[in-house]
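Take a look at the structure below.
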Amino acid sequence: MICTWILRLFAVLYLIALAVWAIGTFGWFGVEPDALSAVYVILLGQPWTRVVDLFPEAAWPFLTALTPAVNLGLIFALCRWRS
């Protein structure tokens, strides 16, 4: 029960972080573009965001946006393993 709530909470936080990143990066809704808009995505993707530096620089934004998905998958796997 608690595991599914943690999974859902992390998924919602991930979606919110992606929205903040997209709005801040592309300047949507009249927001001034900000280089630090991806900070929440980076925090949710730790420790996998460290591995992104090994790839070509052109792929960094895309791979950084996917790193929280790795943690989401691990949480999902732990929830399945626990039940």
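The values are calculated or read from the model by the stated rules, or taken from the named source; none is laboratory data. Since the model is a prediction, treat every value here as computed from it, not as a measurement. Glycine gets a Cβ as well: all are built from the backbone with ideal geometry, and neighbour counts include every protein chain shown. Just so you know, the surface numbers come from the protein's heavy atoms only, side chains and all, with ligands and any DNA or RNA stripped out. Shrake-Rupley method; radii C 1.70, N 1.55, O 1.52, S 1.80 Å.
Take residue 72 and decide whether it is modelled with pLDDT of 95 or more and within 13 Å of the chain's Cα centre (by Cα).
yes
Can you find a residue that is hydrophobic (A, V, I, L, M, F, W, C), more than 26 Å from residue 81 (Cβ to Cβ), over 10 Å from the mean Cα position of the chain (by Cα) and buried (at least 16 other Cβ atoms within 10 Å of the Cβ) anywhere in region 31-47?
no
Kindly provide the set of residues from region 8-25 that are closer than 16 Å to residue 71 by Cβ and either surrounded by fewer than 15 Cβ atoms within 10 Å (Cβ to Cβ) or hydroxyl-bearing (Ser, Thr, Tyr) (or both), ordered by number.
8, 9, 12, 14, 15, 16 - these are the residues of region 8-25 that are closer than 16 Å to residue 71 by Cβ and either surrounded by fewer than 15 Cβ atoms within 10 Å (Cβ to Cβ) or hydroxyl-bearing (Ser, Thr, Tyr) (or both).
Tell me, which residue of region 48-83 that is touching a residue at least 40 places away in the same chain (Cβ under 8 Å) and under 19 Å from residue 20 (Cβ atoms) is least open to solvent (accessible area, probe 1.4 Å)?
Looking at the filtered set, the residue picked out is 68.
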